[in-house]
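Structure first, commentary second.
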Amino acid sequence: MVYLGIGSNLSSSFGSRFQNINFAISYIQEEKIDLIKKSSFYETFSFPNKEDPKFINIVIAVKTNLSPQELMQRLLFIEQKLERKRFKKNDPRTCDIDIIDYNNKIINFKLNKFSLKIPHQSLSTRNFVLHPLKEICPNWTHPVSKKNIDVLIKNLKKTNNDITKLTENDINNYVK
């Protein structure tokens with residue numbers, strides 16, 4: 001199974017942060033990538049600058065015959081299509097799509113100016129990845145550390161565990 005993290009903390013011409021994520025999923029499916037499961041929406045503060053707009057994040061499980069490199073090329077294209085601008089690291093963005101895990105393999109590669117590691121090198125410290133990942137794959141184990149997701153969540157720093165799982169009512173209130 002392949003797990004992708006999708007986040008947004010800026011609106012775009014496509015709409016709200018939620019709509020950016022939903023469009024990203026639609027575009028992913030147009031690339032002949034099968035959506036298997038989707039987590040709830042989660043909201044977190046921006047990192048490292050909490051003054052930036054809050055992020056909405058989800059994790060999806062997909063199946064694909066694309067190689068990790070081909071998949072990443074398509075994901076970068078989708079980010080660009082959704083008006084992602086890359087100025088400096090951790091800037092607010094309309095869409096961010098990361099490969100969290102690719103069939104439980106350990107993979108490193110370069111793609112254009114990007115040096116990528118799978119599983120995502122920071123996923124063990126990211127509440128906005130671990131909580132939605134646990135929701136859709138409660139027995140997931142990190143391919144490198146071999147730690148179960150429950151252990152990874154337990155090890156999150158208190159300051160890094162400020163996350164809200166959004167209800168339909170929350171989402172409706174945001175979108176209005």
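Bear in mind that the values in this text are calculations on the coordinates, not laboratory data. Everything numeric here is computed off the predicted structure, so don't read it as measured data. Don't worry about glycine lacking a Cβ; one is built from the backbone with ideal geometry, like all the others, and counts go over all protein chains shown.
Being surrounded by fewer than 21 Cβ atoms within 10 Å (Cβ to Cβ) and touching a residue at least 12 places away in the same chain (Cβ under 8 Å) is a property that Ser8 lacks.
Checked against (1) within 16 Å of the chain's Cα centre (by Cα); (2) under 22 Å from Pro138 (Cα atoms); (3) crowded, with 16+ Cβ neighbours inside 10 Å, Leu35 meets all criteria but (3).
So for the stretch 148-163 (the condition being within 17 Å of the chain's Cα centre (by Cα), assigned to a loop (DSSP other than H, G, I, E, B) and surrounded by 16 or more Cβ atoms within 10 Å (Cβ to Cβ)), does at least one residue qualify? No, the stretch 148-163 contains no residue that is within 17 Å of the chain's Cα centre (by Cα), assigned to a loop (DSSP other than H, G, I, E, B) and surrounded by 16 or more Cβ atoms within 10 Å (Cβ to Cβ).
Within the stretch 1-25, the residues that satisfy the criterion of being among the aromatic types (Phe, Trp, Tyr) and over 10 Å from Leu82 (Cα atoms) are Tyr3, Phe18. When restricted to residues that are buried (at least 21 other Cβ atoms within 10 Å of the Cβ) and not aliphatic (A, V, I, L, M), the stretch 38-73 contains 6. Take the residues in the stretch 11-32 that are under 17 Å from Asp91 (Cβ atoms) and out of contact with any Asp or Glu (no Cβ under 6 Å at 6 or more places or on another chain), then tell me which one is surrounded by the most Cβ atoms within 10 Å (Cβ to Cβ). Per the criteria, the residue is Asn20. A residue that is in contact (Cβ under 8 Å) with a residue 12 or more places away in the chain, touching a Leu at 6+ places or on another chain (Cβ under 9 Å), of a type in the set (Gly, Ala, Ser) and in a helix (DSSP H, G or I) cannot be found anywhere in the stretch 138-145. Considering each residue of the stretch 93-103 in turn, none proves to be at negative phi and surrounded by fewer than 18 Cβ atoms within 10 Å (Cβ to Cβ). Has the stretch 61-78 got any residue that is among the hydroxyl-bearing types (Ser, Thr, Tyr), over 16 Å from Ser40 (Cα atoms) and part of a helix (DSSP H, G or I)? Within the stretch 61-78, not a single residue is among the hydroxyl-bearing types (Ser, Thr, Tyr), over 16 Å from Ser40 (Cα atoms) and part of a helix (DSSP H, G or I).
When Ile97 is tested against (1) free of Cβ contacts under 8 Å to residues at least 60 places away in the same chain; (2) under 15 Å from the mean Cα position of the chain (by Cα), only condition (1) is not met.
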